[in-house]
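The values are calculated or read from the model by the stated rules, or taken from the named source; none is laboratory data. Note that the coordinates shown come from a computational prediction; the quantities given were computed from them, not determined experimentally. So basically every Cβ, Gly included, is an ideal-geometry build from the backbone, and we count neighbours across all protein chains shown. Only protein heavy atoms, including side chains, enter the accessible area calculation; ligands, DNA and RNA are left aside. Shrake-Rupley method; radii C 1.70, N 1.55, O 1.52, S 1.80 Å.
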Amino acid sequence: MSDDGELTQSRATERVERLVRDTAAALTPQPQLELIPVSVTPTACLDKSESLQKIVVGRSYWLRGVGRAQHMVVSRQVAEHWKEQGFQVIAKNGQPDNPDLSGVTEPDKFILALTWASGDHIYLAATSPCVWPEAHR
């Protein structure tokens, strides 16, 4: 947080990185994290109640070394880890064998996701609430 208690872009970036890494560390077998490069670019805040100049920061990582047969096991482990951290699991995909999950941290409202992608790969992602870009300071 900044001196005035507001979440900064750099703190938000640190938090999304930590959320993904802490979640991955709770998994068995331990996946290798591979950054999805496009995820590092901040994007516009879509919350209409916020300033149009605010952004969200996020990070997404492929979970390498997790085979298709392990997707649902990993999905259950992720949901359990998030619940243990006091996060809300807000959506699970109703399709059998589809590991998609989403969640939200309490009380700071970062969004979490475990998502399946074509090619039978899964990735973990975290996105911040709306923050002022560093250039705004």
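Couple of notes before you dig in:
- Lone unmet requirement of (1) under 13 Å from the mean Cα position of the chain (by Cα); (2) buried (at least 18 other Cβ atoms within 10 Å of the Cβ) for Trp132: (1)
- Lone qualifier among Gly86, Gly119, Gly103, Gly94 - being surrounded by fewer than 12 Cβ atoms within 10 Å (Cβ to Cβ) and at pLDDT 95 or above: Gly86
- Residue among Asp108, Asp100, Asp120 that alone is on the phi > 0 side of the Ramachandran plot and charged (D, E, K, R): Asp120
- Among the conditions (1) in a helix (DSSP H, G or I); (2) under 30 Å from His136 (Cβ atoms); (3) free of Cβ contacts under 8 Å to residues at least 60 places away in the same chain, Leu52 misses just one, which is (1).
- Residue in the stretch 78-89 that is touching a Phe, Trp or Tyr at 6+ places or on another chain (Cβ under 7 Å) and either under 23 Å from Val38 (Cα atoms) or in a loop (DSSP other than H, G, I, E, B) (or both) present: no
- Gln30 falls short on exactly one of the conditions (1) more than 15 Å from the chain's Cα centre (by Cα); (2) open to solvent by 70 Å² or more (accessible area, probe 1.4 Å); (3) farther than 22 Å from Ala117 by Cβ, and that condition is (3).
- Check on Arg64, under 15 Å from Leu124 (Cβ atoms), open to solvent by 100 Å² or more (accessible area, probe 1.4 Å) and not hydrophobic (A, V, I, L, M, F, W, C): no
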